[in-house]
Amino acid sequence: MRLLSVSLLLLCLFAVSGCGSKETERADSATSPSASPVASRKSDADASAATKSPADATVTSKDSNKPDGKPKKPALPTLPLAGEPQLLLSPEEIREGWIQLFDGQTLAGWTPGSNANWHVNADGEIEASEGDIGLLLTTVPFADYELRFDYWMAKGGNSGVFLRTLAEPKVVTADCYELNICDSHPEFKTASLVGRAQPTKEVAGEEVWKSMRGLVDRNRFTVSVDGEVVLDHTDETSGFRRGGLIGLQKNVGRIRFRNVFLKPLGTVEQFNGADLGGWRVVPGSKSEFTVVDGAIVAKNGPGFLETESAWADFALQFEAQVNGDGLNSGVFFRLMPGTEEAPSNGYELQIENVFLNGDRRQPKDNAGTGAIFRRTQARWVVPNDHEWFTTTLIAHGPRIAAWVNGFQVTDWQDTREPDENPRRGSKTAAGPISLQGHDPTTNLAFRNIRVAAYPNE
């Protein structure tokens, strides 16, 4: 299977100079070849320190997610919102699987790869103008996807967007695909793939907003600027990169980005809308799982409906609806296959649209829809009961991220010691996915369930 290029999946763990020269084919600065753009890069662990679970959050085998369990308070999320988030995608785009990579208020979901002054300016844009050459990197990798964004570049500026990149790319034709933003570059101008391919026409526009769209699908790269296709390149080299981070580059001059959106590609339907083929009810379940109007309906509980397939690094997308007030459920992943005695030993993506004091930053039980139960707290409780909502989950190695209706609510790295049971420690090995019937009040529906496995590199 191909990743969305989550491709959650998700995924995007993952600087550098701009436009490399054809002769050297290195990701070095066009103005300072000896510069080390990643010398001061913080580690992923440092960048995510604020989201790590506290030491006492490790659970024991007795510390289960039963309805009467008392969750321990997880670490507060990094970069909390000052106010209501900007939900910039239309309902149609959300259902298609688009997510926001930038929330318009904070740099949540990103980590700097140098000491460039990346920040959110007063107009709600990502901006950098000073400091070393380097990248602002997504914290999860993606493989196959459609990416769109707006950019504004100062006169004589040099920037770019790095696709499928390593955290510290050195060789531009091996470690990344650099989509250049540099009207004045002598060889690879705006909309080129540095060291690889040129646009079919000149693209220019300094100190004005331009819209760029990139389709990254296996080994094919298509780029549009302001709605016009200007590059269509197939990487026919034997070692083409199948996945990696996305990086926004600060090289020369001021650069601004806004409206940064991504849609995973390559996801495969895991529910045919007609029957429960490919799924099994975990022994001992009291829940009833049926197919009604093209959706899996879970009632009563507790119980679990589990996939027959397993995934390690993946992007998962699905729609869900809570058909009641304040009901509780979850989607479990990287499970140990469920048994009657141990039906749900996995990570739990929480579903509970309840918040306290009229403040969606205060989810009930310190979790909220899109949180990893007992590990993280959702930054914002996005959905409402009785309404369909779309969730994107990306798991790549120990890094886990989740979006609800396109808005990122979770970005977490599991720093516990490895364990085959995610209740006790970090698990990166493959496991099934399951839908939870939480208790006798359960009444939820799931549809449009699709998964993309992150490709082996």
Over the stretch 114-128, the set of residues crowded, with 18+ Cβ neighbours inside 10 Å, of a type in the set (Gly, Ala, Ser) and not in a strand (DSSP E or B) is 114, 116
Report yes if some residue within the stretch 288-299 is crowded, with 18+ Cβ neighbours inside 10 Å, assigned by TED's automatic domain parsing to the domain that holds residue 378 and in a loop (DSSP other than H, G, I, E, B); otherwise report no.
no
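Residue 389: under 24 Å from residue 97 (Cα atoms) and surrounded by fewer than 24 Cβ atoms within 10 Å (Cβ to Cβ), yes or no? Show your work before the answer.
Working: under 24 Å from residue 97 (Cα atoms): yes; surrounded by fewer than 24 Cβ atoms within 10 Å (Cβ to Cβ): yes.
Answer is yes for this residue.
Kindly evaluate residue 324 against the criterion of being part of a loop (DSSP other than H, G, I, E, B), within 22 Å of residue 442 (Cβ to Cβ), touching a Leu at 6+ places or on another chain (Cβ under 9 Å) and small (Gly, Ala, Ser).
Numbers: part of a loop (DSSP other than H, G, I, E, B): yes; within 22 Å of residue 442 (Cβ to Cβ): yes; touching a Leu at 6+ places or on another chain (Cβ under 9 Å): yes; small (Gly, Ala, Ser): yes.
Judged against the criteria, residue 324 is a match.
For the stretch 148-171, state whether one or more residues are in contact with a Pro (Cβ under 7 Å, 6 or more places away or on another chain), of a type outside the set (Lys, Arg) and over 22 Å from residue 261 (Cα atoms).
Taking the stretch 148-171 first, the residues in contact with a Pro (Cβ under 7 Å, 6 or more places away or on another chain) are 162.
Narrowing further to those that are of a type outside the set (Lys, Arg): 162.
If we keep only those that are over 22 Å from residue 261 (Cα atoms) too, we end up with none.
Checking the stretch 148-171: not a single residue is in contact with a Pro (Cβ under 7 Å, 6 or more places away or on another chain), of a type outside the set (Lys, Arg) and over 22 Å from residue 261 (Cα atoms).
To keep it simple, each residue is scored yes or no on (1) surrounded by 21 or more Cβ atoms within 10 Å (Cβ to Cβ); (2) among the charged types (D, E, K, R); (3) more than 14 Å from residue 249 (Cα to Cα); (4) outside the structural domain of residue 243 (by TED's automatic domain parsing).
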| residue | (1), (2), (3), (4) |
| --- | --- |
| 131 | no, no, no, no |
| 140 | yes, no, yes, no |
| 144 | yes, yes, yes, no |
| 151 | yes, no, no, no |
| 156 | no, no, yes, no |
| 169 | yes, no, no, no |
Over the stretch 377-400, the set of residues assigned to a strand (DSSP E or B), under 15 Å from the mean Cα position of the chain (by Cα) and not small (Gly, Ala, Ser) is 390, 391, 392, 393, 394, 396, 399, 400
Of the criteria (1) surrounded by 20 or more Cβ atoms within 10 Å (Cβ to Cβ); (2) in the same structural domain as residue 154 (by TED's automatic domain parsing); (3) under 21 Å from residue 95 (Cα atoms), which one residue 259 fails:
(1)
For the stretch 193-252, name all the residues that are under 19 Å from residue 165 (Cα atoms) and basic (Lys, Arg).
196, 213, 218, 220, 241, 242, 250
Output for the stretch 126-138, where each listed residue is within 25 Å of the chain's Cα centre (by Cα) and either over 14 Å from residue 166 (Cβ atoms) or aliphatic (A, V, I, L, M) (or both)
126, 127, 128, 133, 135, 136, 137
Is it true that residue 455 is modelled with pLDDT under 95 and either within 18 Å of residue 141 (Cα to Cα) or assigned to a loop (DSSP other than H, G, I, E, B) (or both)?
yes
Residue by residue through the stretch 182-211, note down the ones that are closer than 17 Å to residue 135 by Cβ and touching a Phe, Trp or Tyr at 6+ places or on another chain (Cβ under 6 Å).
193, 194
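So for the stretch 401-422 (the condition being in a loop (DSSP other than H, G, I, E, B) and touching an Asp or Glu at 6+ places or on another chain (Cβ under 6 Å)), does at least one residue qualify?
No: zero hits.
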Looking at (1) within 17 Å of the chain's Cα centre (by Cα); (2) surrounded by fewer than 24 Cβ atoms within 10 Å (Cβ to Cβ), which is the only condition residue 362 fails?
(1)
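Specify which of the listed residues (315, 320, 310) is at pLDDT 95 or above, within 23 Å of the chain's Cα centre (by Cα) and surrounded by fewer than 24 Cβ atoms within 10 Å (Cβ to Cβ). Steps first, answer last, please.
Numbers: 315 fails: surrounded by fewer than 24 Cβ atoms within 10 Å (Cβ to Cβ); 320 fails: surrounded by fewer than 24 Cβ atoms within 10 Å (Cβ to Cβ).
Only one candidate qualifies: 310.
Scan the stretch 191-207 and give yes if some residue there is within 25 Å of the chain's Cα centre (by Cα), buried (at least 17 other Cβ atoms within 10 Å of the Cβ) and over 13 Å from residue 177 (Cα atoms), otherwise no.
So in the stretch 191-207, the residues within 25 Å of the chain's Cα centre (by Cα) come out as 191, 193.
With the extra rule that they be buried (at least 17 other Cβ atoms within 10 Å of the Cβ), the set shrinks to 191, 193.
Then drop every residue that is not over 13 Å from residue 177 (Cα atoms), which leaves none.
Taking every residue of the stretch 191-207 in turn, none turns out to be within 25 Å of the chain's Cα centre (by Cα), buried (at least 17 other Cβ atoms within 10 Å of the Cβ) and over 13 Å from residue 177 (Cα atoms).
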Does at least one position in the stretch 219-230 carry a residue that is part of a loop (DSSP other than H, G, I, E, B), more than 25 Å from residue 134 (Cβ to Cβ), modelled with pLDDT of 95 or more and under 23 Å from the mean Cα position of the chain (by Cα)?
yes
Qualifying residue in the stretch 375-385 (condition: modelled with pLDDT of 95 or more and over 27 Å from residue 89 (Cβ atoms))
no
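The values are calculated or read from the model by the stated rules, or taken from the named source; none is laboratory data. In this text the structure is predicted, and so the values were computed from the model without any measurement. In this analysis, Cβ positions are derived from the backbone assuming ideal geometry, glycine residues included, and neighbour counts consider all displayed protein chains.
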